[in-house]
Amino acid sequence: MRHPGGARSGLTIWLLQRVSAAWMVLMTPFMAWLFLAGPSEYSAWVALFQPLYAKLLALLTVAALLVHAWIGLREVMMDYVQIMALRLPLLFAFLMGALLCFGWAAHILWSLA
Amino acid sequence: MRFSIYRYNPETDEKPFMQAYEIDFDPRGKKVLDALLALKEVDEGLSFRRSCREGVCGSDGVNVNGRNVLACITDLEGLKEPVTIRPLPRLAVIRDLIVDMEQFYQHYRAVKPYLINLDPEPENERLQTATERAMLDGLWECILCGCCTTSCPSFWWNPDRFLGPSALLQSARFLLDSRDQATDARLDFLEDPYRLFRCHGIMSCVESCPKGLNPTAAIGRIKQLLVDRSL
């Protein structure tokens, strides 16, 4: 019998972790280039992120990183934080932190001029 | 040879302790179980399980020098002295090297380790092709000794909720059987944050399996079945 809700969320979360990892792997060569051999001037750096597709790709990568990190933290806490009264607020705090980071990243990307 | 053996008798000992033994014993060609039997001659109180003494029954799983092994098929020669023998980790100790396997068997029962087929029984047997039968290789050989499950850190953290490599391997054995018809119900049971997905691919189970099986690969096949039916 399948039930709606978190108790049956194992597969979705596991798949999300896999997919976010795959996305980050795809983006790694580009990020490596950006950090190692990318433009060294602010204006050139800004110009790189002017097109909409560049902003969206960057934001998606940030999202993948945050999703991946949150799932990883959840896994760690399911093993080590056995007290539910502690685990739940911690998971919630990390979730809020991730959402804040996402909003912040979006703000930075769209404020480039 | 020198040995250091975990001793605990709940009727007389307040706490478990490691007892040192030194006996005259030639390790050449001998197994750990031979040494345990020799030690029992010296100290009748020493308790451990054993039966077939040839790696088939799976009753003498113990932790030797930090590794989960079957005492009866582990060479004594070459082991670092003192040979440290402890009960399998994480399970409650009943006495000395004897552990309470109830939790392990509970997980085993939970995966319904038998064929579920609602068709009328055929006159003779239910046939399989050679390919269908080959799907079960590497799965049916499990002897339920518990070496893999008790070496799994995910089982150590959540022994009551994570099924453990052994039960999951058994689950895969029936999921992949062409004669079984309960695939969906079996997958429903496993699609849970704990029962299956506490496995992080640490692979201690593969390292410790005395039969050379690969529970991590079996778990991967279950995950693949789950993905196949969900997308």
Heavy-atom accessible area of the protein assembly as shown with neighbours in place, 1.4 angstrom probe: carbon+sulfur share in percent works out to 61 percent
The helix A:52-80 Cα axis meets the longest alpha-carbon principal axis of chain A at an angle in degrees, between 0 and 90 and rounded to 10, of 30 degrees
For the stretch B:145-157, Karplus-derived ³J(HN,Hα) couplings (6.51, -1.76, 1.60; θ = phi - 60°; whole Hz; x for glycine and proline) come out as 7, x, 4, 5, 4, 7, 9, 8, x, 5, 6, 4, 6
Quotient of Cα radius of gyration and Kirkwood radius for chain B, i.e. Rg/Rh, equals 1.04
With -39,500 (n - 2.57) per DSSP H segment of 4 or more residues and division by the full residue count of chain A, the 222 nm estimate, nearest 500 deg cm²/dmol, is -28500 deg cm²/dmol
With the protein assembly as shown reduced to its Cα atoms and the Debye formula applied, log10 I(q)/I(0) at q = 0.09, 0.14 1/Å amounts to -0.68, -1.13
Under 5 Å from the placed amide H of residue B:84, counting only residues 5+ away or on other chains, we find B:4, B:65
Within chain B, excluding any GluC sites (Glu not before Pro) found in a DSSP loop (not H, G, I, E or B) and having at most 16 other Cβ atoms within 10 Å, the longest uninterrupted segment runs B:142-231
Over chain B, cysteine residues that find no other Cys C-beta under 4.7 Å are B:72, B:142, B:145, B:147, B:152, B:199, B:209
With label points set 7 Å from each Cα along the Cα-to-Cβ direction at residue A:15 and residue B:137, the distance between them in nm comes to 3.2 nm
Phi angles of the stretch B:117-127, converted by Karplus (6.51 cos²θ - 1.76 cosθ + 1.60, θ = phi - 60°) into ³J(HN,Hα) in whole Hz with x for Gly and Pro, give 9, 8, 5, x, 5, x, 4, 10, 8, 7, 7
Across all Cα atoms of chain A, Rg and the largest Cα-Cα distance (Dmax), in Å, are 17.5, 59
Residues hit by the 30 Å² burial cutoff in the stretch B:180-220, accessible area with a 1.4 Å probe, assembly against chain on its own, are B:188, B:191, B:193, B:194, B:197, B:198, B:200
Expressed as a whole-number percentage, the relative contact order of chain B with C-alpha contacts under 8 angstrom and at least six residues apart is 18 percent
With the 8 Å Cα cutoff and a minimum separation of six or more residues, chain A has a relative contact order in percent of 34 percent
Rounded to the nearest 100 Å², the accessible area buried between A and B, both sides, probe 1.4 Å, is 1600 Å²
Check: in the stretch B:1-126 the Lys pairs 8 or more apart or on separate chains whose Cα atoms fall under 21 Å apart number 5
The protein assembly as shown accessible area per residue, 1.4 Å probe, protein heavy atoms, integer Å², reads 55 Å²
Whole-Å distance linking the alpha carbon centroid of the stretch B:195-231 with that of the stretch B:1-68 is 31 Å
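The values are calculated or read from the model by the stated rules, or taken from the named source; none is laboratory data. Keep in mind that this is a model prediction, so the values were computed, not measured. Virtual Cβ from ideal backbone geometry, glycine too; neighbours counted across all protein chains shown. Protein only, heavy atoms only, side chains kept; ligands, DNA and RNA dropped before computing areas. Shrake-Rupley method; radii C 1.70, N 1.55, O 1.52, S 1.80 Å.
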